[in-house]
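Participant: This is the structure I have questions about; it appears just below.
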Amino acid sequence: MKFGPRRGHVMFIFERFFRDFGLLILALIWYGITRDYQVILDHSVVLFIVLFSPVNRLIRYLFTYYSIDGQRLLVETGWLNKKKLEVPLSNITTVDFSQNIFFQLAKVYSVNVDNNSSVGFGNSGRVRMVLKERDAVLVKRLLLEKKDEKGMEGQDRELYEDRISEDTSGNTIMASAGEILLMGLLRSKGLVIVQVLTYAGVAIGAISQLFLDKKVDGEEVILDWILHFSAPLLILALLLALYLLGSAVSVALDMIRYYGFRITDRGSSIFIEYGLFTRKTFTLVKEKISGVSYRQSLLMRLFRRGTLEVFAAGYGYGDEEKQTETAVFYPVMREEKLYAFLGRFLPEIQCRPDFRRTPSKAFFYFFLCGRFFLALALLLAALLSAAALIPRGIPELRMGIAAAGGLLFLLCAFSVLLEYFNTAVSAGDQVIALTRGGYTKETVLIKTDKVETAEEYATIRKRRRKGITSVRLGVLAPQQYSSHSARNLEIKDFEDIRQKLVY
């Protein structure tokens, strides 16, 4: 054996302690301050069950052993029911490190190892270890040496140095603070705004109960305050406030998450590192990367920029707690620099595709989609509701409902129109490229040898009389990147794709 059999670090027991029990501890402190001890007594059984879970992690720590020989990674687990997992080194796709604040203080790393079997819904091929720094470096070297044993000279030797972080060098590009700031400003902010409103309501209720000694519904307080404004001023102020608030929170979150983002070319692998409070590092084996996606929100398109993402098992999929994150290859990049960047880090997919746009005869079929008919139904419902309010003499409400329905319908129609202009395809010998999307345009570049399935679907009338069909490609990649489709292309475009595939 080159490593082990050996247990991980004892910090494994406390890896998720504050994430799993932080709210519970705060709740206990809260009820202690308010002296509501009866609530604690009423839920004592639940508290005992929840707090008993660290015992399970203690048992896992005591009866889990890791070892590496020249061909595979072996994981032995279990106390009464023994299990053994063997992962061939040649199948490993990524090895990544993460370090929260407490791990940084203890100088230990969480090591996540993925192979092809971890692609999809399950995590059958994922191995997670908590190791001290020297062991983490050694394990990473042993796991990836099968990938680099042919290229030990030059830049691949960086993999074998006794370090994890990567200093800037000729092989490294580091994202500036301005690029990360732009990423937060230009990305979609809908989810962030919803989360901020939810937390704001909870915070107001909690603070009011603590200092005013009475129960206050935070969301009700916000609603009452908003209703003091006139309707036009309220709409304008609310939209502006939500946008500014969403932008500020989005920028702050991205600056924390992607602080110090850097990408390094190591010959047969790519090294990515980022994070402020939780530092993460990923080593992606190039031959296991299936493709990339260049995503542009409407604001990003106005500034001719976009976020580059990568399709690689183990990066962006999520951990054993099902937490997912975007597989960022570079935070924000100008359109004109995209293919030069790919030529530097992934030369096998650097060629600029010769896109063929969807034909004009397919324009009508883009409006035959669920979201358009749903928006049309909502518009009709809004108009009927407005008409029903005429006898009640509420003109402002009637106009507001009708305007909301009309605005929603126009936004949906505009998104369909954008989808028509954004849809295109290119079939090359090494790369299949698709562009698609409405308000968010996505350019997908997929290696032909990583396409597992190719499907075309259309009604008989559309296919036979118009020669129009839709295409869906199944790709060897994490679940959120494993299927890519484009609607209403010419059938000959699908035939060109099919002829290029390597099954």
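Participant: List pairs: first residue in the range 133-157 and within 15 Å of Phe271 (Cα to Cα) and in a helix (DSSP H, G or I), second residue modelled with pLDDT of 50 or more and aromatic (Phe, Trp, Tyr) anywhere in the structure, Cβ distance under 8 angstrom, at least six positions apart or on different chains.
Facilitator: As it stands, the answer is Lys140/Phe97, since those pairs meet every condition given.
Participant: Right, next: May I ask you to say which residue of Val451, Val425, Val431 is buried (at least 20 other Cβ atoms within 10 Å of the Cβ) and more than 24 Å from the chain's Cα centre (by Cα)?
Facilitator: After applying the criteria, what remains is Val425.
Participant: For the range 439-446, state whether one or more residues are under 26 Å from Leu308 (Cβ atoms), aromatic (Phe, Trp, Tyr) and surrounded by fewer than 19 Cβ atoms within 10 Å (Cβ to Cβ).
Facilitator: There is at least one residue in the range 439-446 that is under 26 Å from Leu308 (Cβ atoms), aromatic (Phe, Trp, Tyr) and surrounded by fewer than 19 Cβ atoms within 10 Å (Cβ to Cβ).
Residues checked against (1) modelled with pLDDT of 75 or more; (2) in a helix (DSSP H, G or I); (3) crowded, with 21+ Cβ neighbours inside 10 Å:
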| site | (1), (2), (3) |
| --- | --- |
| Glu86 | yes, no, no |
| Gln104 | yes, yes, no |
| Asp114 | yes, no, yes |
| Val130 | yes, no, yes |
| Gly170 | no, no, no |
| Leu185 | yes, yes, no |
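Participant: Across the range 475-503, which residue is surrounded by the fewest Cβ atoms within 10 Å (Cβ to Cβ) among those that are hydrophobic (A, V, I, L, M, F, W, C) and either closer than 26 Å to Ala312 by Cα or without any contact (Cβ under 8 Å) to a residue 24 or more places away in the chain (or both)?
Facilitator: Applying the filter and picking the extreme gives Val502.
Participant: Next question. Consider only pairs whose beta carbons are under 8 Å apart and that are at least six residues apart or on different chains; among these, list those whose first residue lies in the range 48-60 and is under 18 Å from Val75 (Cα atoms) and hydrophobic (A, V, I, L, M, F, W, C) and whose second residue is at pLDDT 80 or above and in a helix (DSSP H, G or I).
Facilitator: Sorted first by the residue in the range 48-60, then by its partner, the pairs are Leu58/Ile13.
Participant: Just to be sure before I move on: is Gly474 on the phi > 0 side of the Ramachandran plot, at pLDDT 90 or above and not basic (Lys, Arg) in the structure I sent?
Facilitator: For Gly474, the condition - on the phi > 0 side of the Ramachandran plot, at pLDDT 90 or above and not basic (Lys, Arg) - is not met.
Participant: May I ask you to list the residues in the range 61-84 that are of a type in the set (D, E, K, R) and either touching a residue at least 24 places away in the same chain (Cβ under 8 Å) or in a loop (DSSP other than H, G, I, E, B) (or both)?
Facilitator: Hits for the range 61-84 are Asp69, Glu76, Lys82.
Participant: Looking at the range 286-315 only, could you name the residues that are buried (at least 22 other Cβ atoms within 10 Å of the Cβ) and at pLDDT below 90?
Facilitator: Lys288, Met300, Ala312, Ala313, Gly314, Tyr315
Participant: State whether the residues of the range 461-473 include one that is hydroxyl-bearing (Ser, Thr, Tyr) and either surrounded by fewer than 16 Cβ atoms within 10 Å (Cβ to Cβ) or under 25 Å from Leu186 (Cα atoms) (or both).
Facilitator: No, that holds for no residue.
Participant: Right, another one. Looking for something at pLDDT below 85, of a type in the set (Lys, Arg), farther than 30 Å from Phe329 by Cα and surrounded by 15 or more Cβ atoms within 10 Å (Cβ to Cβ) - is there at least one such residue anywhere in the range 6-14?
Facilitator: no
The values are calculated or read from the model by the stated rules, or taken from the named source; none is laboratory data. Values in this document were obtained by computation on a predicted structure and should not be read as measured data. Glycine also receives a Cβ, built like all others from the backbone with ideal geometry; neighbour counts cover every protein chain displayed.
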